[in-house]
Amino acid sequence: MDFTLTDEQKMIQKTVRDFVNKELKPLEQEVLKNEREGRPGISREKVKELRDKAKEIGFWGINTPEEYGGANLGPIMSVLIAMELGRTFVPFNFGGSADNILYLCNEEQKQKYLIPTINGERRSCFALTEPGAGSDARSIQMQAVKDGDHWVLNGEKVFITNGNEADFAMVFAVTDKEKGANGGVTCFLVDREMGWESEPIHTMGEWGPATLIFDNVRVPEENILGELGQGFNLGMQWIGQGRYMIPAGAIGAAERLLQMAIDYSKTRITFGKPIAERQAIQWMIADSAVEIEAAKWIVFRAAWMAENGMDARHQSSMAKLNGAIMANQVVDRVLQIHGGMGYTKELPIERWYRELRLYRIFEGTDEIQRRTIARNILKGHVKVGELL
Ligand SMILES: Cc1cc2nc3c(=O)[nH]c(=O)nc-3n(C[C@H](O)[C@H](O)[C@H](O)COP(=O)(O)OP(=O)(O)OC[C@H]3O[C@@H](n4cnc5c(N)ncnc54)[C@H](O)[C@@H]3O)c2cc1C
């Protein structure tokens, strides 16, 4: 067994870390100020400028196939990169990528949706959740009714990330009530100009999702993504990728936060000694370090399985559950170690506290991950204690 990173992986890790240190961390105070004053942390123009800079050093299309100009680095490298980007809360991602299911576009759709998304000219959003169906996504109600060579969509989607900014949505709607999620849900590519509207949802974090309203929105037949009735599988495919990428980002955040706590504990004096010399503080630091280490290897194994063409769903659920809980425990301890300062907006800890809380909710809550893990074990799909 070999846990060492290859020279290429080390080089990529270092380059991204340098990029974060040089280009992103200096923006942190400005991001905090903008967000405090109700503006997006970072402007679209600044994101573009940073993406162009990153492109010059080869960071573009991390997971995008070479035929679309991407680097196609694969799951392990993507995880490594997400860990590095997670070390800052500046809302930034490298350019040149598109939602995994957009690669199922036909040739015509590719020109209208996939390629402009990769090039950053159009923005997408993924619209599955409804007011009555979140964890239980199989019971979505949005209707799509056939009318000539169009489908007419009616209903509401909620909590849609990028829903306020997106130019088009990947919308999941029921095309056959009888079959429901078993062959009766279809994914449509729906341009904003076709008539859907969005309303911001205010959350405790800086993550501003939207409600999307569909009132007799007419979508041409040719805008079906994949096959009629096969949309639910696409939805699950989209969600599946995030299950090891989300905890990868959380690991980066937890490492940075822990380092802040270590530094602070060495300089904060109480009762004549730095708090780092108190066992209560040392245990919080030790527990955090152990949990981060454990989370890292669960995530790497999920990515390694995906990279090697294995079914990584079970491992990814474990990675998401464990990583999200770990990050929330770490940020809570780090805030505690900083005392009153941790609770202020002078430091980014409270911001991370609010953001990381989301990780236990979206793309499958803790409870849903546990449900999946338990079901796999109880049904014998995976065996406890079995390493591949
Ligand atoms: C900021 C944000 C961004 C999001 N982005 C998107 C997006 O881009 N696209 C999209 O489609 N959706 C998105 N979502 C929706 C998100 O995926 C759902 O909120 C999530 O899946 C939970 O669904 P719910 O909110 O309806 O909670 P519910 O499903 O109503 O669950 C409520 C509680 O009950 C628990 N629960 C549910 N079922 C069970 C069970 N069987 N056993 C035990 N406990 C259970 C849950 O874990 C939870 O604690 C986003 C959500 C947020 C908050």
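The values are calculated or read from the model by the stated rules, or taken from the named source; none is laboratory data. None of these values were measured; they are calculated from a predicted model. Cβ: placed from backbone, ideal geometry, glycine included. Neighbour counts: every protein chain shown. Ligands, DNA and RNA are stripped out before the accessible areas are found, and what is left, the full protein with its side chains, is counted by its heavy atoms. Shrake-Rupley method; radii C 1.70, N 1.55, O 1.52, S 1.80 Å.
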Open item on the list: Quick check on packing: order 243-250, 379-386 by the mean number of other C-beta atoms within 10 Å, highest mean leading.
Closed with: 243-250, 379-386
- [ ] Starting from the Cα-Cα distance between ASN93 and GLU386, subtract it from 0.36 nm times their residue separation and give me the gain in nm to one decimal.
- [x] 101.9 nm
- [ ] Express in % the proportion of alpha carbon pairs of region 337-388 at distances exceeding 17 Å.
- [x] 59
Task: Proximal charge balance of GLY195 [Cβ under 12 Å; K/R count +1, D/E count -1] - done: -2
- [ ] Take the Cα coordinates of region 205-363, assign each an equal point scatterer, and use the Debye formula without solvent to give log10 I(q)/I(0) at q = 0.17 Å⁻¹.
- [x] -1.00
TODO: Could you state the accessible area per residue of the chain in Å², with a 1.4 Å probe and every protein chain left in place?
DONE: 50
- [ ] First measure r as the distance between the Cβ atoms of ARG354 and VAL290, then evaluate 1/(1 + (r/R0)^6) with R0 = 30 Å and state the FRET efficiency to the nearest 0.05.
- [x] 0.75
- [ ] Subtracting the Cα-Cα distance from 0.36 nm times the residue separation, let me have the gained length for ARG17 to GLU227 in nm, one decimal.
- [x] 71.5 nm
TODO: Let me have the 222 nm mean residue ellipticity of the chain computed from DSSP H runs of 4+ only, each contributing -39500 (n - 2.57), with the sum over all residues rounded to the nearest 500.
DONE: -14500 deg cm²/dmol
Task: Given charges at Cβ of Lys, Arg, Asp, Glu: region 1-139 dipole, positive-most of ILE12, ALA98, ILE42 - done: ILE42
- [ ] Name the long-range amide H neighbours of ILE201: under 5 Å, sequence gap of 5 or more, or other chain; modelled H, no Pro or chain starts.
- [x] ALA210, THR211
Task: Compactness of region 240-301, expressed as Rg and Dmax over alpha-carbon positions, Å - done: 14.6, 51
- [ ] Using a 1.4 Å probe over the heavy atoms of the protein chains, calculate the carbon and sulfur portion of the accessible area of the chain as a whole percent.
- [x] 52
Task: Cβ charges +1 (Lys, Arg) and -1 (Asp, Glu), total dipole of the chain, debye - done: 1400
Task: For region 330-388, with +1 on Lys and Arg beta carbons and -1 on Asp and Glu, the positive-most of HIS381, TYR353, VAL330 along the dipole - done: HIS381
Task: region 56-141 - Rg (one decimal) and Dmax (whole number), Cα, Å - done: 15.4, 46
TODO: Obtain the nm distance between the two label points defined at LYS112 and MET341 by a simple spin-label model: each point lies 7 Å from its Cα along the Cα-to-C-beta direction.
DONE: 5.6
Task: Selection from ALA210, VAL185, ILE246, by position along the positive dipole direction of the chain (Cβ) - done: ILE246
Open item on the list: Check which residues have an amide H placed less than 5 Å from GLN230's amide H, if you skip close sequence neighbours.
Closed with: CYS187
Task: For the chain, average projected area of the Cα convex hull in nm² - done: 20.8
- [ ] Mind giving me the FRET efficiency for ASN72 and ALA280? R0 is 41 Å, r the Cβ-Cβ distance, nearest 0.05 is fine.
- [x] 0.30
- [ ] Express in whole angstrom the spacing between the alpha-carbon centres of region 1-67 and region 150-205.
- [x] 30
Task: Viscosity 1.306 mPa s, 10 °C: Kirkwood-radius Stokes-Einstein D of region 1-149 over Cα pairs, µm²/s - done: 88
TODO: Could you run the Karplus curve 6.51 cos²θ - 1.76 cosθ + 1.60 with θ = phi - 60° over region 355-361 and give me ³J(HN,Hα) per residue in whole Hz, x for Gly and Pro?
DONE: 5, 5, 4, 4, 4, 7, 10
